[in-house]
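Asker: So that we are looking at the same thing, I have put the structure below in structure tokens.
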Amino acid sequence: MSPTEQPRNPEDRPPLDSSGQERAAQRIRYVTHRGKRILLADVSDCTAEQLGEWIDKVPQFVTREPERSVLLLGDFSGAQFTRETVERLKIAAVFDRPHVLKAAWVLNQNLPKVLFDSIRTFSAREIPVFATREEALDYLAS
């Protein structure tokens, strides 16, 4: 599967380890698009519980990098948001902000605008939203 393809079928999801947890390297990984190194946080189709767990892991990857160097793509297609996951996302967005040069999200009407706006306001970050992963990758690589 290329980095720009979006698995929509459960059989296409990353493999599970023996404990039933997807390895972080499958969901959170670097991809190259148009010669640019982009950190992809693929949390598409996650339940609210899974989403919260993955959100907490992203800053561990981002903060390893120099400040203002990370191109970050969050693919939230089909993910289930709750108030708790939004709060966790706010904290992660603030925590990794110094390291992020440019960010983009993929959403498909699954995050109410008022909650998205609260994340942007709390984190003091502009986060463009795209309908597809390909569009977001193109934006980040530009």
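Asker: Which members of segment 97-111 meet the condition of being β-branched (Val, Ile, Thr) and either out of contact with any helix residue (DSSP H, G or I) (no Cβ under 9 Å at 6 or more places or on another chain) or touching a residue at least 40 places away in the same chain (Cβ under 8 Å) (or both)? Break it down stepwise before answering.
Answerer: As a first pass, look at segment 97-111 and keep what is β-branched (Val, Ile, Thr): 100, 106.
Across segment 97-111, the qualifying residue is only VAL106.
Asker: Here are some residues: VAL114, VAL94. Which one is without any contact (Cβ under 8 Å) to a residue 12 or more places away in the chain, of a type in the set (A, V, I, L, M), surrounded by fewer than 19 Cβ atoms within 10 Å (Cβ to Cβ) and more than 18 Å from THR47 (Cα to Cα)?
Answerer: Details: VAL94 fails: without any contact (Cβ under 8 Å) to a residue 12 or more places away in the chain.
Answer to the check: VAL114.
Asker: Could you figure out which of (1) within 17 Å of PHE130 (Cα to Cα); (2) at pLDDT below 95; (3) hydrophobic (A, V, I, L, M, F, W, C) isn't true of ALA24?
Answerer: (1)
Asker: How many residues does segment 29-55 hold that are assigned to a loop (DSSP other than H, G, I, E, B), under 19 Å from GLN109 (Cβ atoms) and out of contact with any Gly (no Cβ under 9 Å at 6 or more places or on another chain)?
Answerer: Restricting attention to segment 29-55, the residues satisfying the condition of being assigned to a loop (DSSP other than H, G, I, E, B) are 34-35, 43-47.
Next, from what is left, pick out any that are under 19 Å from GLN109 (Cβ atoms): 43-47.
Of the ones still in play, those that are also out of contact with any Gly (no Cβ under 9 Å at 6 or more places or on another chain) are 47.
So the count comes out to 1.
Asker: Take the residues in segment 117-128 that are part of a helix (DSSP H, G or I), out of contact with any Asp or Glu (no Cβ under 8 Å at 6 or more places or on another chain) and not hydroxyl-bearing (Ser, Thr, Tyr), then tell me which one is surrounded by the fewest Cβ atoms within 10 Å (Cβ to Cβ). So that I can check it myself, show each step before the final result.
Answerer: Let us first name the residues in segment 117-128 that are part of a helix (DSSP H, G or I), namely 117-123.
With the extra rule that they be out of contact with any Asp or Glu (no Cβ under 8 Å at 6 or more places or on another chain), the set shrinks to 117-119, 121-123.
From what is left, the residues that are not hydroxyl-bearing (Ser, Thr, Tyr) are 117, 119, 122.
Values: ASP117: 11, ILE119: 19, PHE122: 15.
Result: ASP117.
Asker: Limited to segment 89-104, what total is found for residues that are under 17 Å from ARG64 (Cβ atoms) and either in contact with an Asp or Glu (Cβ under 8 Å, 6 or more places away or on another chain) or not in a helix (DSSP H, G or I) (or both)?
Answerer: Selection size over segment 89-104: 6.
Asker: In the set VAL58, VAL70, which member is at pLDDT 95 or above, closer than 15 Å to TRP105 by Cα and over 11 Å from the mean Cα position of the chain (by Cα)?
Answerer: Working: VAL58 fails: over 11 Å from the mean Cα position of the chain (by Cα).
Of VAL58, VAL70, the one residue that is at pLDDT 95 or above, closer than 15 Å to TRP105 by Cα and over 11 Å from the mean Cα position of the chain (by Cα) is VAL70.
Asker: Do you know which of the residues in segment 73-104 that are acidic (Asp, Glu) and more than 13 Å from the chain's Cα centre (by Cα) is nearest to LYS36 (Cα to Cα)?
Answerer: Of segment 73-104, the ones acidic (Asp, Glu) are 75, 84, 87, 96.
Restricting the remaining residues to those that are more than 13 Å from the chain's Cα centre (by Cα) gives 84, 87.
Numbers: GLU84: 33, GLU87: 30 Å.
Among them, the one singled out is GLU87.
The values are calculated or read from the model by the stated rules, or taken from the named source; none is laboratory data. Here the structure is a predicted model, which means the values were calculated and not measured. Virtual Cβ from ideal backbone geometry, glycine too; neighbours counted across all protein chains shown.
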